[in-house]
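The values are calculated or read from the model by the stated rules, or taken from the named source; none is laboratory data. From a predicted model like this one, the values you see are computed outputs, not experimental measurements. FYI the Cβ positions are ideal-geometry reconstructions off the backbone, even for glycines, and counts take in every protein chain you see.
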Amino acid sequence: MKIIDAYCGTGPWMYRDKIQPSDPTETLEIMDHCGIDSALAFSNLAAHTMNESVDSNACTADIARQYPRFIPAFVITNRPYDDSRKVEDYLPEMRACNARAAWLCPQNNRQVTGMWHWTTGPIFEFCSSYRIPLFLSIEATDPNRVNEICHDFPSLILVLTNLAYNSDNWLYPLLRRHALLHVCCGPAYIPPLGPQRFVRHFGSDRLIFGSGLPHFGPGGLIGHVMYAEIPDTDKAQILGGNIERLMAEVQL
């Protein structure tokens, strides 16, 4: 069964916990231990800084060139200054390294606020136009705004991350409203009774495995999916098939 980790930080840190992996080879060792084939990865630098002098995407692209098991995921920002990078400037860079996804707010970087049409709207339009899956931490926004984003940008493939265990009360109504809304089942959100309840309601094609490396280990989450009372075909979709399909649909 092919396993692709859709939520993985790699490379150097701005502020690093010494017990967590920093060098890409350390992350690859963890992936090998857990049977992970490849990882959709962003730079750990992006999790701690929005300083444009630190080109975290270039770091991601460089790591992917050296270690092909890492698939680049770019962090796209909406800095307001005249000399800031514009959304359209990301396109040639993403094409050059074959990036397959984007993040608006990776890991513990919670500096994205508002997400109104007149601030982050161009990012949503950009990702919609090129069918780029956009990963968004719920910690950076709120469910009502997610509902508005999905309504106003109906072609956007949005993947919610960092959900809590008690998210179903608002998450399930959102999933019923918006067919292109996907859910990362890690590192914190594990559906009650295992993935089987989620699969029973929505099928398996909207639940995506993402470990949260390097802050979280992937082993427990993989085991949670592997031992769920669902068909093996659903397990394969969750652990790798779904994100592989979304990445194949990107039109850079």
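Points worth noting:
- Any hit, region 229-248, residues being modelled with pLDDT under 95, hydrophobic (A, V, I, L, M, F, W, C) and either more than 16 Å from the chain's Cα centre (by Cα) or under 16 Å from TYR7 (Cβ atoms) (or both): no
- Members of region 237-251 found to be touching a Lys or Arg at 6+ places or on another chain (Cβ under 6 Å) and surrounded by 14 or more Cβ atoms within 10 Å (Cβ to Cβ), listed by number: GLY240, MET247, VAL250
- Qualifying residue in region 138-152 (condition: within 19 Å of the chain's Cα centre (by Cα) and small (Gly, Ala, Ser)): yes
- Which listed residue, of ASP234, ASP168, is surrounded by 18 or more Cβ atoms within 10 Å (Cβ to Cβ), of a type in the set (Asp, Glu), without any contact (Cβ under 8 Å) to a residue 40 or more places away in the chain and farther than 21 Å from ALA102 by Cα: ASP234
- Filtered residues of region 114-165 (kept if part of a loop (DSSP other than H, G, I, E, B) and either under 19 Å from LEU246 (Cβ atoms) or touching a His at 6+ places or on another chain (Cβ under 9 Å) (or both)): TYR130, ARG131, ILE132, PRO133, PHE153, PRO154, SER155, LEU156, ILE157, ASN162, LEU163
- In region 79-92, the residues that are in contact (Cβ under 8 Å) with a residue 24 or more places away in the chain and closer than 27 Å to GLN251 by Cα form Cβ pairs under 6 Å with partners that are in a loop (DSSP other than H, G, I, E, B) and among the aliphatic types (A, V, I, L, M), at six or more places apart or across chains, as follows: TYR90/ILE76.
- Residues satisfying the stated conditions in region 32-54, i.e. outside any helix (DSSP H, G or I) and at pLDDT 85 or above: GLY35, ILE36, ASP37, SER38, ALA39, LEU40, ALA41, PHE42, SER43
- Extreme residue, farthest from ASP37 (Cα to Cα), among residues of region 174-210 that are modelled with pLDDT under 95 and crowded, with 18+ Cβ neighbours inside 10 Å: PRO191
- The combined condition, being in contact with a His (Cβ under 9 Å, 6 or more places away or on another chain), at pLDDT below 95 and closer than 14 Å to ASP5 by Cα, is fulfilled by GLY219.
- Residue count, region 166-189 (criterion: assigned to a loop (DSSP other than H, G, I, E, B) and not hydroxyl-bearing (Ser, Thr, Tyr)): 8
- Per-region count, region 94-122, residues under 21 Å from SER38 (Cα atoms), surrounded by 17 or more Cβ atoms within 10 Å (Cβ to Cβ) and either more than 18 Å from the chain's Cα centre (by Cα) or at pLDDT 75 or above (or both): 7
- Every residue from region 6-20 that is modelled with pLDDT under 90 and closer than 26 Å to HIS182 by Cβ: THR10, GLY11
- Matching residues in region 207-248 - criterion: being in contact with a Phe, Trp or Tyr (Cβ under 9 Å, 6 or more places away or on another chain), assigned to a helix (DSSP H, G or I) and not β-branched (Val, Ile, Thr): LEU221, LEU239, GLY240, ASN242
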